Amino acid sequence: MTEMIVRMHRLVASGEFDKTILDELHTGGTKVSECEVLDFKQQLPATDLEYAKSVRDLVALHNSFGGFLVFGVQEVERDRVFKVIGVPQNKFNLTKTRDLARNYVGRDLRITSSSMLIGSVYLEVVWVAKRAQGESPVRFVRNGPEEKPK
């Protein structure tokens, strides 16, 4: 497992995701699981609240090590077993995510996204850069939508 985490940290530094990691997961690879730089999500955000939660996750990744959110992976057994289920291709709204991040934290974050074909389904991979060394952690300056209004 340590080998996979070291590999993931290298990928985060380059901003390029290695599709073979997801291929391993799709074919039942047991070496692939979430870690401090990799977070799986079952479905793409659809509402403002879901996009706000994605921004929250990206800010947390940015403040620690940087990392990847991978949409289209279902957690079958908590923190242990994951299954590729896919999401619609190119439906992640990167512009909305960047705008919300700027709105909530008061500055731009380096965020990119790409769709990857794994087997016969697509996964959406969103990358956020690690904060620069010596830079203060990003803090929220504005609240997002309330989960339970009032």
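Worth a mention:
- Within the accessible area of the chain (1.4 Å probe), percent carbon and sulfur: 47
- Hz values of 3J(HN,Hα) by residue in the stretch 119-124 - Karplus curve (6.51, -1.76, 1.60), Gly and Pro given as x: x, 10, 10, 9, 10, 9
- Applied to the stretch 77-89, the Karplus parametrisation 6.51 cos²θ - 1.76 cosθ + 1.60 on θ = phi - 60° returns per-residue 3J(HN,Hα) values of 10, 3, 6, 10, 10, 10, 9, 6, 10, x, 9, x, 5 Hz, with x for Gly and Pro.
- Positive dipole terminus of the chain, leading residue within 20, 92, 140 (C-beta point charges): 140
- Listed values for the stretch 59-69 are Karplus-derived 3J(HN,Hα) couplings in whole Hz (6.51 cos²θ - 1.76 cosθ + 1.60, θ = phi - 60°), namely 5, 4, 5, 4, 5, 9, 10, x, x, 10, 9, and x replaces Gly and Pro.
- Taking every alpha-carbon pair in the chain and binning the separations at 10 Å intervals from zero gives 11, 42, 35, 12, 1 percent.
- Annotation: amide H of residue 38 within the under-5 Å range of 68, sequence separation 5 or more or interchain, hydrogens built in the peptide plane.
- Additional length obtainable on full extension of the chain from residue 56 to residue 20, 0.36 nm per residue less Cα span: 10.2 nm
- In summary, the aspartates and glutamates within cross-link reach of residue 130, defined as a Cα separation below 14 angstrom excluding same-chain residues under 8 places away, comprise 16, 36, 57, 108.
- Viscosity 1.567 mPa s, 4 °C: Kirkwood-radius Stokes-Einstein D of the stretch 52-137 over Cα pairs, µm²/s: 94
- Partners for residue 19 among aspartates and glutamates (Cα-Cα distance below 12 Å; same-chain residues under 8 apart left out): 124
- Average accessible area per residue (Å²) across the stretch 14-148 - probe 1.4 Å, nucleic acids and ligands excluded: 55
- Pair-distance profile P(r), taking every C-alpha pair of the stretch 11-76, with 10 angstrom steps and integer %: 19, 51, 29, 2
- Diffusion constant of the stretch 104-149 at 4 °C, which comes from Stokes-Einstein with the Kirkwood Cα-pair radius and 1.567 mPa s, µm²/s: 94
The values are calculated or read from the model by the stated rules, or taken from the named source; none is laboratory data. Because the structure is a prediction, the values reported are computed rather than measured. Virtual Cβ from ideal backbone geometry, glycine too; neighbours counted across all protein chains shown. Calculation scope for accessible area: heavy atoms of the full protein, side chains included, ligands and nucleic acids excluded. Shrake-Rupley method; radii C 1.70, N 1.55, O 1.52, S 1.80 Å.
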